[in-house]
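None of the figures in this text is laboratory data; all of them are computed from the coordinates on show. Computed from a predicted model, the values in this text were never measured in an experiment. Positions of Cβ are generated from backbone atoms using ideal geometry, with glycine treated the same way; all protein chains shown enter the neighbour counts.
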Amino acid sequence: MKVKDEVSKAQLRVIIRKIDNDQLYFDDVKQGIVQQELAPVKCQNLSLKSDIQKSTNNLKIEDYDLELYKIGDSLLEVADESFILEAFEKTSYFKDRKYYDVTFEIDSALYDYANFYIKSDDIEYKILGIVFIKEMNLGKCLSQKKMLTKEWMTKFGNLYFISDKKPIDTDESGKSMTYVDQFIFPDNAVARITCNDWSKEVKKEYDHKDDLRVSFESAEITKWMTNGYK
């Protein structure tokens with residue numbers, strides 16, 4: 001996999017901070033519509049999280065190969081520093097924060113974009129969080145999510161798992177839905193698969209498309225997010 005040489009703001013969808021009920025939001029730069037990521041997912045699990053964590057205490061998200069990257073790897077392995085800094089100036093909403101994000105269009109059959117979280121002033125550009133994004137209709141997305149979850153059950157099967165669907169709060173009609181499968185590590189790092197299904201009205205008004213989001217968050221970046229991106 002490689003990072004493409006050219007990135008334009010109109011092509012990019014990047015995470016923004018919007019602190020409201022501990023939810024994580026996304027902003028579509030091209031269309032200007034806010035999209036909610038379900039975090040934390042509120043649903044039931046047959047086993048208590050504390051019981052599962054007792055048997056998985058040694059598992060770390062940094063120990064896994066995750067799609068095309070690995071938490072803890074350097075972004076310099078796939079992109080020059082000058083290109084990272086250029087993407088930072090174009091796409092980051094966290095320029096004055098402890099951590100920042102950069103988004104690239106990627107040369108991949110699996111995803112359209114990759115969004116990375118890095119600690120400010122880290123000269124090694126260590127990857128602390130990754131969000132892969134692929135625009136696709138809901139039916140295809142749910143099928144892909146089901147396939148990925150099955151694969152992840154083999155990879156993360158001993159971890160605490162939760163699954164849910166709920167209306168996307170930013171659509172007041174309640175017709176837009178988000179579907180989430182999520183694995184939680186003992187240190188609260190997260191592996192998450194999300195399908196977002198926008199209503200016909202939202203799609204028509206904003207020319208918005210449904211999408212698949214595959215997210216991996218280290219415990220460090222998860223803590224920062226839940227503490228308000230400070």
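For this structure, a couple of remarks:
- Dipole axis of the range 133-230 (+1 Lys, Arg; -1 Asp, Glu on Cβ), positive-most option in G157, F185, P167: G157
- Given their separation in residues at 0.36 nm each and the Cα-Cα distance between them, A109 and E205 gain 31.7 nm when the chain is fully extended.
- Distance from the range 184-201 to the range 92-158 (C-alpha centre basis), Å: 11
- Spin-label model, E135/K98: points 7 Å from Cα along the beta carbon direction are separated by 3.5 nm.
- Across K90/K203; K70/K140; K95/K145; K98/K165, pairs whose alpha-carbon gap is larger than 29 Å: K95/K145; K98/K165
- Paramagnetic reach from M147 in the range 183-217 [backbone N under 17 Å; point 7 Å along Cα→Cβ]: 193-196, 211-215
- Positive end of the dipole of the range 74-122 (Cβ unit charges, origin at the Cα centre): among V78, F94, F116, the Cα lying farthest that way belongs to F94.
- The range 50-160, relative contact order [Cα under 8 Å, separation at least 6], %: 23
- Phi angles of the range 181-191 translate, via the Karplus equation with coefficients 6.51, -1.76, 1.60 and θ = phi - 60°, into HN-Hα couplings of 10, 9, 10, 10, 7, x, 8, 6, 5, 9, 10 Hz per residue; Gly and Pro are given as x.
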